[in-house]
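Shown next, in structure tokens, is the structure this report addresses.
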Amino acid sequence: GLSETLFESELFGHVKGAFTDAKTDRAGRFELADESALFMDEIANIPLAQQAKLLRVIETGDFERVGSSKTLHANVRIISATNSNLEHEVAAGRFRQDLLFRLNTIQLTLPPLRERRDDIMPLANSFLAQHAEHYRKQIAGFDETARERLLQHRFPGNVRELDHIVERAVLMTQDRQICGIDLGLANDGGEPRNLEEMSLEEVEAFLIKKALARNDGNARKAAEALGLSRSAFYRRLQQYGL
């Protein structure tokens, strides 16, 4: 995590010369968010020593930039998120109870993505648009197999995992649509699999599926792309039940 000085600098700012890399004065997040809201993700990961400093600014609005004795004030609404049970963290001595009381004015519990199946494709399409634009690729959407794979997957990593899977698919695909095999998910919707974890037969079946997808299901073109004769290609289709 961040050192105490960098944590304070990020949230409260610093003055020139406060530490080695402090070349100029810099406003922190609270100062920039004055009269608005500040989102703090993974709030449970903040170390205890830094939680005390956070508690003070939440309670009073007062803080000092690192290296300065001048007290500043900011009126900021805190929105925080965590995937940890903060009451358990308090009981374990890892999170301050008084900080939890200050943060817990209104609590919203968001169910995991696996319990919100209707959200999967709207989120996936949004991530696809973002990553396709970022990587300058023309991708129209997801094919039926890809949609089925996404809807079957359990997403232990929730929305972040979905974002990562879609970004990976955008990078991997050479087609105008994301295909099921571009997602890197097992057929049963389990964890993504690497080639190193697959048997020779599974790798061969994977490559055949990929070749078929890239050639719009045209077996002759797929066989040519793989350097196989048509008869050898059809034998493998029959062998793997494709």
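The values are calculated or read from the model by the stated rules, or taken from the named source; none is laboratory data. Keep in mind it's a predicted model, so treat the numbers as computed, not measured. Note that each Cβ is placed from the backbone with ideal geometry, even for glycine, and that neighbours are counted across all protein chains shown.
Within the range 199-242, the set of residues being in contact with a helix residue (DSSP H, G or I) (Cβ under 7 Å, 6 or more places away or on another chain), assigned to a loop (DSSP other than H, G, I, E, B) and of a type in the set (A, V, I, L, M, F, W, C) comprises just one member, Leu242. Determine the pairs where a residue that is closer than 24 Å to Leu48 by Cα, located within the range 98-112, has a partner that is among the small types (Gly, Ala, Ser) with Cβ atoms under 8 Å apart, the partner being 6 or more residues away or on another chain. Final answer for the pair search is Leu103/Ser80. Within the range 153-181, the set of residues being buried (at least 20 other Cβ atoms within 10 Å of the Cβ) and assigned to a strand (DSSP E or B) comprises Ile178 only.
I'd like the full set of residues that are surrounded by 13 or more Cβ atoms within 10 Å (Cβ to Cβ) and aliphatic (A, V, I, L, M), limited to the range 38-51. Within the range 38-51, Leu38, Met40, Ile43, Ala44, Ile46 meet the criteria.
One residue is enough: does the range 214-230 have a residue meeting the conditions of a type in the set (A, V, I, L, M), in contact with a Gly (Cβ under 9 Å, 6 or more places away or on another chain) and at pLDDT 80 or above? No - not one qualifying residue is present in the range 214-230.
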